[in-house]
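Take a look at the structure set out below.
Throughout, read-outs are computed from the coordinates displayed, never taken from laboratory work. Just so it is clear, the structure is predicted and the values come from calculations on it, not from any experiment. For neighbour counting, all protein chains shown are included, and Cβ atoms are generated from backbone atoms with ideal geometry for every residue, glycine included.
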Amino acid sequence: MTLLVALTWDPKPWVERFRKVLPDRDIVVLGEGFDKSRVEYVATWGPKPGSLSGLPSLRALFSLGAGVDHLMSYPDLPDVPIVRVAQDDLTHRMSEYVVMHCLMHLRDQHRFDEDQRAKRWQPDRAPPIAGDVRVGIMGFGVLGQDAARKLKVMGFDVAGWSRTAKNVEGFEIYSGEDGLSAFLARTDILVSLIPLTPDTSGILSRSLFQKLAHDGRLGGPVLINAGRGKLQVETDILACLDDGTLKAATLDVFEVEPLPQDSPLWTHPRVTISPHNAATSEPEATARYIADQIRRHEAGEALENIVDRARGY
Ligand code: NAP
Ligand code: GLV
């Protein structure tokens with residue numbers, strides 16, 4: 001069996017890990033010489049057009065991330081199961097990010113950072129506590145639900161929004177277009193963890209921000225987007241920050257990545273930026289996850305976390 005590693009990043013750490021967890025298999029790298037007829041599995045991120053073609057023995061594609069929008073737009077996608085990353089290491093990283101940023105907004109940490117630089121001693125007299133703040137998680141899947149549970153431990157009032165109706169004990173879940181307005185109307189901090197699909201592209205826009213709660217304890221609604229950059233309309237985010245429709249934004253993902261040097265988001269006083277690393281796929285844990293899936297598959301068991309191509313995630 002051959003596993004082809006087809007990446008837009010440096011493949012070396014990945015090849016090393018795959019060789020460690022699949023010692024009896026051939027691990028080959030796109031761009032180096034290999035026998036295409038022997039490739040049964042591909043581990044990929046952002047494959048270049050043509051790189052997944054002409055693999056007659058291919059049995060499955062593994063996305064090296066939770067999102068698969070990088071594959072959905074690939075022309076001539078091979079007709080084999082696509083498996084995405086859904087495992088604890090990545091999930092826990094995302095929850096750390098979401099909880100940290102919700103707490104930073106709750107405690108107005110941005111302002112205290114500025115006060116420190118200006119040597120200003122200005123304590124809040126009656127700041128809100130987590131129980132006063134309503135967090136709305138858009139995308140109540142693997143990542144959304146783990147973050148929701150951890151935010152709830154901190155005391156936040158958490159609800160979710162998903163495409164289809166669902167019951168998850170302890171949470172009010174809104175769904176579909178019909179549930180969106182009510183979900184937004186009870187949300188002070190909006191956490192975006194939805195996949196990028198034709199239905200969700202550009203969803204984080206002025207018309208949506210206007211529906212967020214404007215009567216909350218934070219003094220205005222806050223956006224945290226750790227889903228995908230093309231979910232958001234950056235000109236709307238900037239205009240809404242400036243006219244008070246939004247109080248602040250934490251953005252991990254951007255319409256164009258890396259974020260261009262001339263983007264006003266870099267220097268906006270109420271924007272917090274991270275470089276699309278809210279939850280990176282750590283090579284060791286991800287290689288183990290993929291190796292386990294390959295073993296399961298070869299033992300006749302079903303692959304897990306298969307993408308539904310019709311839904312696009
Ligand atoms: P998931 O388990 O597939 O969950 C996706 C959730 O989004 C589901 O609840 C789904 O609804 C909902 N959804 C999809 N389309 C929708 C729509 N049109 N309207 C309303 N809800 C919709 O995915 P996940 O593992 O949680 O990952 C979510 C996303 O996070 C990934 O696609 C990726 O883009 C992003 N991500 C970012 C990073 C980072 O470092 N920034 C890292 C990992 C992942 P249903 O439950 O009804 O299907
Ligand atoms: C990262 O963005 C992922 O989709 O895992």
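Mind listing whichever residues of segment 235-276 are within 16 Å of ligand 2 (Cβ to nearest atom) and aliphatic (A, V, I, L, M)? Those that are within 16 Å of ligand 2 (Cβ to nearest atom) and aliphatic (A, V, I, L, M): LEU251, VAL253, VAL256, LEU259, ILE273.
Could you tell me whether segment 54-75 includes any residue that is exposed (fewer than 14 other Cβ atoms within 10 Å of the Cβ), in a loop (DSSP other than H, G, I, E, B) and within 24 Å of the chain's Cα centre (by Cα)? Yes, segment 54-75 contains at least one residue that is exposed (fewer than 14 other Cβ atoms within 10 Å of the Cβ), in a loop (DSSP other than H, G, I, E, B) and within 24 Å of the chain's Cα centre (by Cα).
Taking the listed residues THR250, THR286, THR280, THR267, the one that is touching a helix residue (DSSP H, G or I) at 6+ places or on another chain (Cβ under 6 Å) and at negative phi is THR250, with no other qualifying. Taking the criterion of being in contact with a helix residue (DSSP H, G or I) (Cβ under 6 Å, 6 or more places away or on another chain) and not hydrophobic (A, V, I, L, M, F, W, C), would at least one residue in segment 162-178 satisfy it? Yes: one or more hits.
Let's see how each residue does on (1) touching a strand residue (DSSP E or B) at 6+ places or on another chain (Cβ under 8 Å); (2) assigned to a helix (DSSP H, G or I):
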residue	(1), (2)
THR235	no, yes
VAL253	yes, no
ASN277	no, no
ARG288	no, yes
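For first residues located in segment 290-313 and of a type in the set (Gly, Ala, Ser), partners that are in a loop (DSSP other than H, G, I, E, B) and more than 16 Å from ligand 1 (Cβ to nearest atom) and lie 6+ apart or on another chain with Cβ distances below 8 Å form the pairs ALA291/LEU22.
When PHE140 is tested against the conditions (1) closer than 24 Å to ASN167 by Cβ; (2) surrounded by 17 or more Cβ atoms within 10 Å (Cβ to Cβ); (3) in contact (Cβ under 8 Å) with a residue 60 or more places away in the chain, the lone failure is (3). When segment 241-265 is filtered for residues that are charged (D, E, K, R), surrounded by fewer than 20 Cβ atoms within 10 Å (Cβ to Cβ) and closer than 24 Å to LEU106 by Cα, the ones remaining, listed by number, are ASP242, ASP243.
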